[in-house]
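So the structure is just underneath, and the comments pick up after that.
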Amino acid sequence: MAFSIRTRLTFWYVTLLTVSLMAFGSAFSYSLFRIFTDRMDNQISSVANMMVHTVIRPSGELFLPRDFDLILGRFFGIRTEGNYIQVLDPAGGVIAQSSTLEEHTLPISDETYRLALSGETSYANVSGAFRYPVRVVTKPIVFKEKGLVAIVQVGSSLEGLDDIFHSLAYIFLLGIAASVVIASVMGWFLARQALKPVRELAGLARKISAENLNERLNIAVPNDELGALASTINEMIGRLEASFKQIRQFTGDASHELKTPLTILKGEMEMAIRSRDDVEYMREVIASSLEEIDRMSYIVRNLLDLARMDAGGGAVSMDRVSLDHLLSERFEHFRKFALDSRVDMVIIKNMAVMVTGDGLRLGQLLYNLIDNAIKYTPGGGRVELSVEPDGAFARVTVRDTGIGISKEDLPYIFDRFYRVDKARSSGREVGGAGLGLSICKEIVDAHKGTIEAASEPGKGTAFTVRLPV
Ligand SMILES: Nc1ncnc2c1ncn2[C@@H]1O[C@H](COP(=O)(O)OP(=O)(O)OP(=O)(O)O)[C@@H](O)[C@H]1O
Ligand SMILES: [Mg+2]
């Protein structure tokens, strides 16, 4: 069964309090008891000492008057009231008693008797004979040649002590019970107070959904653990908001990108249907429609690629890929495109480097970069390609002398659907959808590499990719 934090806090608090109060009570009672018995032992022991001097004569004879306590009191100043005095013979038989004992006898245990026989004084609590336990000292009288002559026992009732301890226990139990009740109520209340911000936090957090991600938890005490929790949650909501926004933007852009060619396609088809027999015109329309369809399938293919990479969570197949071969291959592929665009494309360095990864994807990476470099470089410009090792990395550079990218645009070029000059590049012949570089970024990330762009508007751009070898 799961208890609330509040219940658990209160429970632990009260348990701890009860245990410490009980420990304190026990320690206190024990010390008090020790002090009392020590004092009583001192007292009965001094009476016993006096007794020993009284009952033995220098000759070694015992002196045991009949009115035992009367004489003791009168001649030796030994007060017998409150004290029980008893003298035993070496065999343990009673030979004299104070009148305070009346018809009772202080019992002597085997252990005590054994100690007395061996000449040792001992103390014990004796119960059973009287209503209250009696503290008894048992002292043997040993005389030079004769050995054990008698055993003196002096006892004192523990009645007072018993009373004190009873009241003490009563007070303690009552006190502990009262403290526990008060502590439970206070603890319950305090725990509620302490956990109030948590409840507030939970309430606020519950209200936040995809629709109001712009809201934040504002919590009154910002500088404690809960404040830290609140700001952590806020940061998390911030990240969620950003990615939700990204997804919305992405969906919007994707639909827009697909809608444009569709609209064009529809317009052209409608025109064609109206121009009945003009075969030449029909031909033109169909050719241009095919272009739009190509463009659409290009976008859809790229979107699918992105979606697949997103779903794969960055996992790529692990083949040995020779980057220099890959570059030569791409170079051949683009040779005609570069020639047509009057761009001088050269490989300035092509050193043998192997990386582990997905050959197809890495080919796509080079494709997109070279494609951009040629596309965004006017006739007469130059595109330089290179592959070389760079420490634990393989470095691929695609440098052009094209139009460049302004500082304001540079941070965004890897975003999906981002194009620097929408009006310009939406022209048919360039026709970018703004997906190429975002795909490059995904591929590089999946290979645990980095991609950087450096550019100067009007002078050219350089893309540098580093992949771990
Ligand atoms: N080498 C470059 N020189 C100048 N600008 C570039 C270069 N490479 C990319 N850009 C700019 O960055 C934008 C994003 O590039 P990206 O490759 O993602 O999209 P795209 O080329 O427009 O379309 P796609 O690659 O999907 O066909 C481009 O629109 C372009 O403005
Ligand atoms: Mg591109």
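The values are calculated or read from the model by the stated rules, or taken from the named source; none is laboratory data. Keep in mind the model is a prediction, meaning the values are calculated, not measured. All Cβ positions, even for glycine, are placed from backbone atoms using ideal geometry, and neighbour counts span all protein chains on display. These area figures cover heavy atoms from the full protein model, side chains too; ligands, DNA and RNA do not enter into them. Shrake-Rupley method; radii C 1.70, N 1.55, O 1.52, S 1.80 Å.
Check whether at least one residue in the range 243-256 is under 27 Å from residue 449 (Cβ atoms), touching a His at 6+ places or on another chain (Cβ under 8 Å) and open to solvent by less than 70 Å² (accessible area, probe 1.4 Å), and report yes or no. No, that holds for no residue.
Of the residues that make up the range 421-444, is at least one among the hydroxyl-bearing types (Ser, Thr, Tyr) and either within 22 Å of residue 328 (Cα to Cα) or away from ligand 2 (no atom under 14 Å from the Cβ) (or both)? The answer is no, given that none of the residues of the range 421-444 is among the hydroxyl-bearing types (Ser, Thr, Tyr) and either within 22 Å of residue 328 (Cα to Cα) or away from ligand 2 (no atom under 14 Å from the Cβ) (or both). Scan the range 453-465 and give yes if some residue there is more than 18 Å from residue 346 (Cα to Cα), open to solvent by less than 10 Å² (accessible area, probe 1.4 Å) and out of contact with any Gly (no Cβ under 8 Å at 6 or more places or on another chain), otherwise no. Taking every residue of the range 453-465 in turn, none turns out to be more than 18 Å from residue 346 (Cα to Cα), open to solvent by less than 10 Å² (accessible area, probe 1.4 Å) and out of contact with any Gly (no Cβ under 8 Å at 6 or more places or on another chain). The single condition among (1) within 15 Å of ligand 1 (Cβ to nearest atom); (2) open to solvent by 60 Å² or more (accessible area, probe 1.4 Å) that residue 369 does not meet is (2). For the range 342-366, a residue qualifies if it is open to solvent by 40 Å² or more (accessible area, probe 1.4 Å) and more than 16 Å from ligand 2 (Cβ to nearest atom), and the qualifying residues are 342, 344, 347, 348, 349, 350, 351, 352, 354, 356, 360. Put simply, of 130, 165 the only residue that is of a type in the set (Phe, Trp, Tyr), open to solvent by 30 Å² or more (accessible area, probe 1.4 Å) and assigned to a helix (DSSP H, G or I) is 165.
Answer yes or no as to whether residue 391 is more than 16 Å from ligand 2 (Cβ to nearest atom), under 53 Å from the mean Cα position of the chain (by Cα) and modelled with pLDDT under 95. For residue 391, the condition - more than 16 Å from ligand 2 (Cβ to nearest atom), under 53 Å from the mean Cα position of the chain (by Cα) and modelled with pLDDT under 95 - is met. Taken together, the residues in the range 361-388 that are within 51 Å of the chain's Cα centre (by Cα) and part of a helix (DSSP H, G or I) amount to 13. In the range 135-162, the qualifying residues are those that are touching a residue at least 24 places away in the same chain (Cβ under 8 Å) and within 60 Å of the chain's Cα centre (by Cα), and the one that is most open to solvent (accessible area, probe 1.4 Å) is 159. Select from the range 318-341 the residues that are surrounded by 12 or more Cβ atoms within 10 Å (Cβ to Cβ) and part of a loop (DSSP other than H, G, I, E, B) and list them in ascending order. Listed by number, the list holds a single entry, 341.
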